[in-house]
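Structure first, then comments.
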Amino acid sequence: MLRSRITGTGSSLPEKILTNSDLELMVETSDEWITSRTGIKQRRIASEGQFTSTFAVEASRRALEMSGIKAEELDLIILGTVTPDFPFPATACIVQHEIGAVNAAAFDLSAACSGFIYGLSIADKYIRTGEARKVLVIGAEVLSRVVDWTDRNTCILFGDGSGAAVIEACEGDTGLLSTHIFSNGSYWNTLYQPGCGNRNPATNRSVIDDRLCFIKMEGNDVFKHAVRAMEEAACTALAANGMTPSDVSLLIPHQANLRIIDATAKRLGITEEERLFVNLHNYGNTSSASIPISLDEANRSGRMKPGDIVLLDAFGGGFTYGSALMRW
Ligand code: ACO
């Protein structure tokens, strides 16, 4: 049976670290509040001259190197982001140029924190239908440039970085078993960037006076929906494959907030440290990059053994959510 399989992973993070103590000097908050409400201790922040494409290119090069394929062999590049270098062209095209993937089609997709799972789902369909054999899926963000650094409700949560994976056609029973993606647009304005699109174009008023080009979020609403949706996405993946949570060797959830991760893990009954991947204390919420960065760290540190069942589970603005189940 023709399947798709991840053959290489890579990630890239800015060197600059912003700790909770640094944030105490910027807004009225405390390390204790941030740690107890979110689990985040520090996040990485892009420096001047570093963009979403900077990290996407580096993560992609590392994933290609691990997979052992050349950039020219790629058929498709899919980049999930809500912070592209430009409204257009797609940041995926900049990555294509930088890595020399001259034979690939390249596009961005906007599914917020679910961007990588959405990308994986598309890659899997292209591969299973024989339309593509080698696909690069990337999640990359520089959220620090759309965060309102005067808003303590949001500025403590987010970080920058990128993760990438090379997906290749393969025969046999390892690889992606299924992907499921969902949306609930009723909540589109619960977590969003109101300005700098065409509804509220960039003007002195929208950008400077009304601060519309920064992330706005109803934190409590997001929290409630995130837990329910991530449980639903995970259970759908398991049911579709005749599995139960006890079959899962490693759950890699979107790294938004430790309380969301813990509540989801508890509902699923996957709470043991060795079966639950967490790194958000180091990076905060990097949106579409959080799952591929985690996947790369889990891969390089040997957390996944051949034959392990790995479950990826995401939720984000839109709302969008989704899961991917694979046999490693
Ligand atoms: N430092 C100190 N106090 C703060 C801070 C802060 N950084 N931020 C908010 N507060 C205050 C509030 O003003 C409020 O004060 P008040 O009672 O005087 O009004 C109090 O703390 C409690 O605020 P809540 O919003 O009720 O705090 P809550 O416990 O809900 O935690 C949080 C807020 C962390 C945002 C939580 O709702 C959450 O995690 N939501 C999910 C949001 C999320 O993860 N979004 C990421 C993007 S979506 C995704 O990736 C899935």
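When restricted to residues that are closer than 19 Å to A105 by Cα and touching a Ser or Thr at 6+ places or on another chain (Cβ under 9 Å), the stretch 59-73 contains 6. Among the residues making up the stretch 152-172, those that are within 14 Å of the ligand (Cβ to nearest atom) and more than 18 Å from N279 (Cα to Cα) are R152, N153, T154, C155. Would you call N153 in a loop (DSSP other than H, G, I, E, B) and either open to solvent by less than 50 Å² (accessible area, probe 1.4 Å) or closer than 30 Å to T19 by Cβ (or both)? For N153, the condition - in a loop (DSSP other than H, G, I, E, B) and either open to solvent by less than 50 Å² (accessible area, probe 1.4 Å) or closer than 30 Å to T19 by Cβ (or both) - is met.
Look at E274 and say whether it is away from the ligand (no atom under 16 Å from the Cβ) and either buried (at least 17 other Cβ atoms within 10 Å of the Cβ) or not assigned by TED's automatic domain parsing to the domain that holds T35 (or both).
On the way: away from the ligand (no atom under 16 Å from the Cβ): yes; either buried (at least 17 other Cβ atoms within 10 Å of the Cβ) or not assigned by TED's automatic domain parsing to the domain that holds T35 (or both): yes.
So E274 passes the test.
Given the criteria more than 16 Å from the ligand (Cβ to nearest atom), open to solvent by less than 60 Å² (accessible area, probe 1.4 Å) and either over 17 Å from A104 (Cβ atoms) or modelled with pLDDT of 95 or more (or both), does I77 qualify? Judged against the criteria, I77 is a match. From the list T29, T91, T52, the one residue that fits, being within 16 Å of the ligand (Cβ to nearest atom) and of a type in the set (S, T, N, Q), is T29.
Inspection of the stretch 249-268 finds a residue satisfying the criterion of being more than 21 Å from I40 (Cα to Cα) and either assigned by TED's automatic domain parsing to the domain that holds R145 or of a type in the set (S, T, N, Q) (or both). Applying the set (1) touching a residue at least 60 places away in the same chain (Cβ under 8 Å); (2) open to solvent by 70 Å² or more (accessible area, probe 1.4 Å) to E65 leaves exactly one unmet item: (1). Candidates in the stretch 207-242 are the residues that are charged (D, E, K, R) and free of Cβ contacts under 8 Å to residues at least 24 places away in the same chain; of these, the one that is surrounded by the fewest Cβ atoms within 10 Å (Cβ to Cβ) is D209.
Check every one of the strands (runs of 3 or more DSSP E) wholly within the stretch 1-117 and list those with 3 or more residues that are of a type in the set (S, T, N, Q). Can you show your working first?
Numbers: elements: 2-12, 17-19, 42-44, 76-80, 105-109.
Here the list reads 2-12.
Within the stretch 243-263, being open to solvent by 60 Å² or more (accessible area, probe 1.4 Å) and in contact with a strand residue (DSSP E or B) (Cβ under 7 Å, 6 or more places away or on another chain) holds for one residue alone: D247.
One residue alone among T54, T38, T9 is open to solvent by less than 20 Å² (accessible area, probe 1.4 Å), modelled with pLDDT of 95 or more, polar (S, T, N, Q) and within 14 Å of G161 (Cβ to Cβ), and that residue is T9.
Can you say whether G100 is open to solvent by 10 Å² or more (accessible area, probe 1.4 Å), more than 27 Å from V227 (Cα to Cα), in contact (Cβ under 8 Å) with a residue 60 or more places away in the chain and small (G, A, S), as far as the supplied structure shows?
Details: open to solvent by 10 Å² or more (accessible area, probe 1.4 Å): yes; more than 27 Å from V227 (Cα to Cα): yes; in contact (Cβ under 8 Å) with a residue 60 or more places away in the chain: no; small (G, A, S): yes.
Criteria not met by G100.
The residues of the stretch 119-150 that are open to solvent by 50 Å² or more (accessible area, probe 1.4 Å), under 30 Å from L23 (Cα atoms) and in a loop (DSSP other than H, G, I, E, B), listed by number, are W149, T150. Of the residues making up the stretch 186-206, those that are open to solvent by less than 50 Å² (accessible area, probe 1.4 Å) and more than 21 Å from F86 (Cβ to Cβ) are T190, L191.
The values are calculated or read from the model by the stated rules, or taken from the named source; none is laboratory data. A quick note: this is a predicted structure, and the numbers were derived from the prediction, not measured. Ideal geometry is used to build each Cβ from the backbone, glycine not excepted, and the neighbour counts take in all protein chains shown. Quick note on the areas: whole protein, heavy atoms, side chains included, nothing else; ligands and nucleic acids left out. Shrake-Rupley method; radii C 1.70, N 1.55, O 1.52, S 1.80 Å.
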